[in-house]
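Worksheet: the structure to be examined is printed underneath.
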Amino acid sequence: MSEQPSPHLPEPDRPWLMRTYAGHSNAKASNELYRRNLAKGQTGLSVAFDLPTQTGYDPDHELARGEVGKVGVSVAHRGDMATLMDGIPLDQMNTSMTINATAAWLLALYIVAAEEHEVDQQALQGTTQNDIIKEFLARGTYAFPPAPSMRLTADMVAYTVEHVPRWNPINICSYHLQEAGATPVQEIAYALSNAIAVLDAVRERVSEDRMGRVFARISFFVNAGVRFVEEHAKLRAMATLWEELGRERYGVSDPTHLRFRYGVQVNSLGLTESQPENNVQRIVLEALAVTMGRNARARAIQLPAWNEALGLPRPWDQQWSLRIQQVLAFETDVLEYADIFEGSRVMDALVQELIEGSRAEMEVVVDHGGAVEAVPYMKAALVDSHRERVRRIESGEQVVVGQNRFTETEPSPLGGDGEVQVQVVDPAIEAEQVEALARWRSGRDGQAVRSALAALARVAEGEENIMPATIAAARAGATTGEWAQTLRDVFGEYRAPTGVGEASGAPDTEELDELRDEVARVSEALGRRIKLLVGKPGLDGHSNGAEQIAVRARDAGIEVVYEGIRLTPGQIARSAVQEGVHVIGLSILSGSHMNLIPDVITALGDAGAQVPIVVGGIIPEADAEALGESGVAAVYTPKDFDLTRIVRDIVALVAERHGVTAQA
Amino acid sequence: MTPAGRAPDGAELGARLRARDLSAAPAALNLLESRAPEDRRQAAALLGQLSPAALGGEASAHVVGITGPPGAGKSTLLSALAAAWRAQGRTVAVLAVDPTSRRSGGALLGDRARIEFDSHDEGVFVRSTAAGERLGGLAPATRAAAEALAAAYDVVVIETVGVGQAETEVADAVDTVAVIVQPASGDVLQFLKAGVMEIPDVLVVTKADLGKPALATVRDLRAALRSLGADGVPVVSVSSLAPPSGIEDLVGGLERHRAALDLPGRRRQARRAHALSDFLAEHGERGLRALGGRREAQRFLDQQDPGLDVASLTAALEARAPEQA
C-alpha cells in the first residue's frame, strides 16, 4: 500500500452553477432569453437590470432617458417581475440579481412574484448583490448616503436569515475593485474590510447566536484576471483570511459556516477592442484560475463575451462563453481530483505573500475608521493603482497582445474595424416602457399604494426592519421609482467621492513635459489656462475612464472641472457655460451615447455655447461616424489606450477652435 | 466662451451685471480671468461699471468667505446653505477655489461634483477656479470676480481650502469669514490660540450628528475665544446629513455679522487689498520694495480717496513706485 492518498476523487465533483449575465429591453424579451439559455444547459440565472432600475428611477424619469432597457432589463413593478420569471420554476431556480441600492426592493418583487406562483419565500434560492460600498468605490449605482445604505443591507441580511434562509442577501464584490484597477492585495483587503463593515452592522440587528448563520450567508463575487496563477493564489488567501475572521472576530466555529463561498465573473478590464478574438483565450485562462484548485473553486461562474469591448454582446456571443464553461466542466478532468495545489511550496508561499500584504492594507482601512469611513481613501488608492496600470500599458512594460505588442494582423473573418456585430436595443423600447408604466399606474389601487408608501416612510424614519414594509409596497403595486423616492426623501441624496482630487501625479516623461509646454503656449494665447469639463451623462457609473483622463489632463497642466457621474444633458451644458470651459470630454459605457450625446449638443446650442465635445466609451464604429456628423469633434474607444495622446488631441482641438496657430 | 476674433465688450457686460442680468456672469468671469492685454482693458471697463461711484454705493450682495481644511465638510455645508438662501428667495454665486498642482500648473476642480444644487435653478451659479501660483488661497481673478458678481447676486461665496493662512487673504476679499472646523481635529484650535490665524467672524463646527466630539469641539473653541477676548464670535454647530440641523442658526449668524458691519469700511479695505494684490502680481516683491514695503504701501492706500475703484488704486500704486528696470 502506498502512503500517498489517491489523487482521484471517488466521484467527480458536481460542476459549479453556470450563468450568463443577461437581460435587456423589457421583461418579456428577457424572459424569452432566459428560457433559451436554460435550454442550452445554463444552470442558474443572472439578471442584468437596466440602470434606472439599479438606481431607483422609473422609466419616465428625466435621468432614465436613453438608459431604459439598455444594459439590462427594466423592472418597474411586480407585474414586470412576474413577466420576467414567467414559466421559470422559482422553487428550483437559483437566481442571482446584480442589484445594490435597490436590492431590498427587487428582492421584495421577487418574493411577491413567487407568492403569485404559490412558492413560499422559504424555498427561494439566489443572490442579491447588495454591496453598496463598492458602488461608492467603483460602480456608481448608489442611491442613498452610506449610513442608511448600510442599514438597508443589514435589514436584508437580518430578514433573509429568518425568512428566506437559502438566499444569499449580499455578495461582497471584489470584482468591481479589480475592474477599477485594484491590485490583488487591494482586492482582498478592501473586500474583506467591506465584509467586516456589513457584519458589524448586522451584529447590531440580530441575536449573538445567529451570527454563525449570518456569517454563512455572506458570499463573495470576485474577479479573475489573466495572471491566473496569482489569481488562484488570491482566492486561497481570501479563503484563509475569511475563516480566520469568522473564528476570531465573530466567534463562528461550525466549519460549514466558515467556508469561503464565491461566485465569479472573470475580468473585463483586460479584454481588448483590437483583435477581439484574443479575448477568448484570456477568458479561458481566467476561468481556469477559479476552477483548477478544489480548495478555492467558484460556486458559480459567469463569463464575459469576447466582443464586450466593442458593444453589448449578442445571444450567440454569450453562448460561446457558456460553451467555454461546459468544455471546462464536462470535457476536461478538472473536477476529478483532490486539490492539486495542496502541499505546493510555491503556491503556499504566494498565498502567504498575499495574506501578509492584505493584512497590512486592512490595518490601513481600520486606521481610517473602517470601510465606510475609508471610502475616500480606498477610492483614491484605486484611482492611483489604475493610473499605474495605464502607465505600464502605455510604456509597454505590461504586454497586451494585439494592442501594444504583436499588433500586425491578417484581415479577420469575424469582421474588422466597425464590422463586428453587437447587440442593438430597439430605441422604441423606452417609449413602450413609459407607456406601459402609465397603464400600470392607472390600473392599480392608488389609495393602497399611497398608504403603503406612507408606511414605508415611517419605517425608514425609525429603526424597524425595512423589508416587511417594502414587500407590502411591492404587493400594493408601487413602482421602483416610488419606492426609491420615498427613501430618498427620508435618507437624503448623496454623491460619492471621486478620488481624482487626491490622485498622485503621473511620473514625468519627456512626452508629458512637451505637452505641458504646449498647454502653456496655447493657454498664453487664449489669455487663460485651458479649461476642460469632464463628466458622465446618464446613469452609467463606471467612472474609471473619465477619472483617468481627468488626472492625465491635470498632469498636462490643464484646469479640469471634474463633474462626476449621473449628469443630465442640461446640467452638462449649464456647467460648461458657468465654468467657461474651452472643451468638454464625456464618457459613456452603457451604450446610451446615441441618445445622450445629441441631447448635450442640443442643450449647449440652447445655452448659446459653442464648446467642442470629445467622447470616450464603448462606441461602435458606425455610431462614432454618426456622432461625428452630429458635431462631436472626436470619439475615443478602448483601443485608444494612450492617454497622453488623447490629451494632446484635446489641446490641439482647443487651439484650432480658437485660431491659435500650430507651433512652428 | 469667446469665439476667436470677437473681443467681448467689458462695459456692456458690466452694465448687464449692474442691471442684475445673471446670464452675463459666465462671460464676465471669462474676461476677468484672462491675462490677454485687450481682455485686461475690457475687464477694467467692466469693473468700472460696477465701482461704488457707478453703482451709487456699495454692491448690495453679502460676500461670504467659507474656508477650512480638506474633508471638513465645506461642500456639503455649502449645498445646505445654498438651499437655505434660495428658500429665502436670494440668488447665490459660489466661487470655489481649488489648489493648483505646482508641478504641472494644472488643477482638478472637483467642487462642482460635490456641491449639490437644483440644476434647473437659474438662481445658483458655481464657478470653479484654480488658486494658481500664489500661495494664500485666492485665485488671481477671484477678488475681481467677487466684486463683479456682488452687483448681480444677493449672496456671493468664496470657498477656499486651507487653514492658518488661507483665511487671511479671504478675509480681505469678503464681508464675513466663516471658518469650518471638523470635530476632534485640533488644527484650528491650535492656530487660533497661537495667533497663526486671525479670528474669523463665524466659526462653524460640522458633523454635529457625531454628538459628543462635535459638542466638545464647540466647547473648546468657545473657551479659546473667551481667552482671546472674542466672546462675541458665534460658534455654530451644524449637520448637513439628512435631516440637516443648525443651518438656520448659521444663516442667522452670518446675517447678524453683516448687519453689524461697517460695510463701506470693509469694502474699502477689500478694494485696497485687491489693488495691492494686483500690483504684487504685476510687479512682484521688487515693486513692493520700491513702494517702501507692504506696510508703507498699505499706509499709502489708506490715504487715498475712499471712492476710488481698484483700477484707480492700482494705478496710484504704480505711479508712486519708481519705474522698475
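The values are calculated or read from the model by the stated rules, or taken from the named source; none is laboratory data. Predicted model, so just to flag it, every value in this text is computed and none were measured. Note: ideal-geometry Cβ built from the backbone for every residue, glycine included; neighbour counts use all protein chains shown.
A quick yes/no check of all residues on (1) assigned by TED's automatic domain parsing to the domain that holds B:V157; (2) modelled with pLDDT under 90; (3) over 20 Å from the mean Cα position of the chain (by Cα); (4) on the phi > 0 side of the Ramachandran plot:
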residue	(1), (2), (3), (4)
B:F191	yes, yes, yes, no
B:G195	yes, yes, yes, yes
B:D201	yes, no, no, no
B:A208	yes, yes, yes, no
B:K212	yes, yes, yes, no
B:L225	yes, no, yes, no
B:G229	yes, yes, yes, yes
Which residue out of A:V202, A:V264, A:V222 is modelled with pLDDT under 95, aliphatic (A, V, I, L, M) and in the same structural domain as A:A380 (by TED's automatic domain parsing)?
A:V202
Enumerated helices (runs of 4 or more DSSP H) restricted to segment A:375-471, each holding at least 3 residues that are exposed (fewer than 13 other Cβ atoms within 10 Å of the Cβ):
A:428-443, A:446-461
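Conditions tested, residue by residue: (1) out of contact with any Cys (no Cβ under 9 Å at 6 or more places or on another chain); (2) of a type in the set (G, A, S); (3) outside the structural domain of A:T480 (by TED's automatic domain parsing); (4) in a loop (DSSP other than H, G, I, E, B).
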site: A:A76; (1), (2), (3), (4): yes, yes, no, yes
site: A:D80; (1), (2), (3), (4): yes, no, no, no
site: A:Q92; (1), (2), (3), (4): yes, no, no, yes
site: A:S96; (1), (2), (3), (4): yes, yes, no, no
site: A:W105; (1), (2), (3), (4): yes, no, no, no
site: A:E115; (1), (2), (3), (4): yes, no, no, no
Subset of segment A:634-664, residues farther than 13 Å from A:I530 by Cα, crowded, with 17+ Cβ neighbours inside 10 Å and either within 14 Å of chain B (Cβ to nearest Cβ) or among the β-branched types (V, I, T) (or both), comes to A:V635, A:T637, A:L643, A:T644, A:I646
Just one of A:I196, A:I188 is farther than 12 Å from A:I132 by Cα, crowded, with 23+ Cβ neighbours inside 10 Å, among the β-branched types (V, I, T) and not assigned by TED's automatic domain parsing to the domain that holds A:A546; which is it?
A:I188
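For (1) under 21 Å from A:G527 (Cβ atoms); (2) surrounded by 17 or more Cβ atoms within 10 Å (Cβ to Cβ); (3) within 13 Å of chain A (Cβ to nearest Cβ); (4) among the small types (G, A, S), each residue gets a yes or a no:
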{"residue": "B:P26", "(1), (2), (3), (4)": "yes, yes, yes, no"}
{"residue": "B:L32", "(1), (2), (3), (4)": "yes, yes, yes, no"}
{"residue": "B:G48", "(1), (2), (3), (4)": "yes, yes, no, yes"}
{"residue": "B:A53", "(1), (2), (3), (4)": "no, no, no, yes"}
{"residue": "B:G57", "(1), (2), (3), (4)": "no, no, no, yes"}
{"residue": "B:V64", "(1), (2), (3), (4)": "no, yes, no, no"}
{"residue": "B:S75", "(1), (2), (3), (4)": "no, yes, yes, yes"}
{"residue": "B:R102", "(1), (2), (3), (4)": "no, no, yes, no"}
When the residues of segment A:335-351 are filtered to those that are small (G, A, S) and in a loop (DSSP other than H, G, I, E, B), which remaining residue is farthest from A:L288 (Cα to Cα)?
A:G343
List, please: which pairs have Cβ atoms under 6 Å, are six or more places apart or on different chains, and start with a residue in segment B:117-131 that is more than 7 Å from chain A (Cβ to nearest Cβ) and touching a residue at least 12 places away in the same chain (Cβ under 8 Å) and end with one that is aromatic (F, W, Y) and assigned to a loop (DSSP other than H, G, I, E, B)?
B:V124/B:F117
Only one residue in A:V635, A:V581, A:V561 is assigned to a strand (DSSP E or B), in contact with a Lys or Arg (Cβ under 7 Å, 6 or more places away or on another chain) and either of a type in the set (A, V, I, L, M) or not assigned by TED's automatic domain parsing to the domain that holds A:G66 (or both), so which one is that?
A:V561
Qualifying residue in segment B:205-228 (condition: part of a loop (DSSP other than H, G, I, E, B) and in contact with an Asp or Glu (Cβ under 9 Å, 6 or more places away or on another chain)):
no
Residues of segment A:476-524 satisfying the condition of being part of a helix (DSSP H, G or I), at the interface with another protein chain (Cβ under 9 Å from one of its Cβ atoms) and of a type in the set (A, V, I, L, M)
A:V490, A:L512, A:V519, A:A520
Return the residues of segment A:361-383 that are within 14 Å of chain B (Cβ to nearest Cβ) and under 19 Å from the mean Cα position of the chain (by Cα); say none if nothing qualifies.
A:V372, A:V375, A:P376, A:K379, A:A380, A:V383
Extreme residue, nearest to A:V434 (Cα to Cα), among residues of segment A:476-505 that are crowded, with 21+ Cβ neighbours inside 10 Å, at pLDDT 85 or above and small (G, A, S):
A:G481
Determine whether segment A:604-613 contains at least one residue that is more than 10 Å from chain B (Cβ to nearest Cβ) and of a type in the set (V, I, T).
yes
Selection from segment A:525-546 of residues that are more than 8 Å from every other protein chain (Cβ to nearest Cβ) and either charged (D, E, K, R) or assigned to a loop (DSSP other than H, G, I, E, B) (or both)
A:I530, A:K531, A:K536, A:G538, A:L539, A:D540, A:G541, A:H542, A:S543
How many residues does segment A:17-60 hold that are part of a helix (DSSP H, G or I) and of a type outside the set (S, T, Y)?
14
Pick from segment A:554-586, criterion more than 7 Å from chain B (Cβ to nearest Cβ) and within 21 Å of A:Y57 (Cα to Cα), ranking: surrounded by the most Cβ atoms within 10 Å (Cβ to Cβ):
A:I572
Count, please, the residues in segment A:416-461 that happen to be more than 21 Å from A:G56 (Cα to Cα) and modelled with pLDDT of 95 or more.
3
Over 30 Å from B:A87 (Cβ atoms), surrounded by 15 or more Cβ atoms within 10 Å (Cβ to Cβ) and out of contact with any strand residue (DSSP E or B) (no Cβ under 8 Å at 6 or more places or on another chain): which single residue out of B:V310, B:V251 fits that description?
B:V310
Screening A:V75, A:V47 for residues that are more than 22 Å from A:R261 (Cβ to Cβ), among the hydrophobic types (A, V, I, L, M, F, W, C) and either touching a helix residue (DSSP H, G or I) at 6+ places or on another chain (Cβ under 8 Å) or surrounded by fewer than 20 Cβ atoms within 10 Å (Cβ to Cβ) (or both) leaves only A:V75
